[in-house]
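Shown next, in structure tokens, is the structure this report addresses.
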Amino acid sequence: MLGILRWTFWITVWLTVAAFFHYTLPQTDIVRITDTYESRENPTSFTVFWGPADVGPDGTELARDVFFIQTRRAKGDVMVYRNEDTGWSWPPYFKFDTSNLQAEASDLRSTEASPRFVAVKHYGWRNEFMSIFPNAISVRLVDGPDAPKGIPLLNIIILGLFAALVYGIWVRWRRFRRARIDPKLEAIEDDFSDATDAVTGWFGSWRKKK
């Protein structure tokens with residue numbers, strides 16, 4: 001039972017870590033921009049998946065205008081991105097050029113008859129049920145739908161540093177456990193074994209006397 005609980009705990013922890021990195025780290029899609037628009041939004045749920053809102057005089061969050069970029073992938077499926085500043089908040093992309101990016105995206109619109117493909121770098125997830133959209137970070141023109149996305153150097157560096165940190169913590173924990181915890185556990189086991197032997201011996205001698 002304890003083994004199942006331990007495995008459940010660690011699987012939950014690592015799934016949470018994987019989801020965090022998958023949402024936060026940048027990804028690149030090769031798409032064709034079909035339209036751009038602006039919409040008045042007032043997210044009342046799942047606000048963590050939206051950019052920081054302005055705050056009114058009474059301390060309540062105000063509705064704000066959000067830019068959106070509509071696209072279609074080479075295989076035909078649709079993807080919609082929001083285009084919001086991250087500012088100084090999380091994740092730390094320090095994005096302040098929302099209007100410029102929207103102008104670039106609008107200029108790169110194309111039709112199915114005369115397509116132009118772009119690489120949209122973004123972070124986040126798309127979920128229609130919860131009405132959340134990935135946030136576009138940059139847009140650049142590429143040669144076609146099979147254009148290379150480039151080597152994700154930032155992702156490699158961050159994941160490498162995280163792996164090194166986890167490995168360092170794990171090594172130090174093993175050393176600490178071997179030096180401090182294991183000897184105490186062994187001493188407790190020895191004491192328990194001695195006590196069990198003593199009780200067993202006493203019970204055996206009592207039965208002989210009886």
For segment 1-160, what is the largest minus smallest coordinate of the Cα atoms on each principal axis, given in angstrom and ordered from greatest to least?
-> 62, 48, 29
Amide H to amide H, which residues 5 or more places from Phe117 or on other chains are under 5 Å from it, using H placed in the peptide plane?
-> Val142
Expressed as a whole-number percentage, the relative contact order of segment 1-153 with C-alpha contacts under 8 angstrom and at least six residues apart is 26 percent
Of the trypsin sites (Lys or Arg not before Pro) in segment 115-169, which ones lie in a loop per DSSP and count no more than 12 other C-beta atoms within 10 Å?
-> Lys149
Exactly which GluC sites (Glu not before Pro) in segment 98-138 are in a DSSP loop and have at most 14 other Cβ atoms within 10 Å?
-> Glu112, Glu128
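Here, each number is a calculation from the coordinates, and none is a lab measurement. Remember, it's a predicted structure, so these values are computed and weren't measured experimentally. Reconstructed Cβ throughout: ideal geometry from the backbone, glycine too, with neighbour counts over all protein chains shown.
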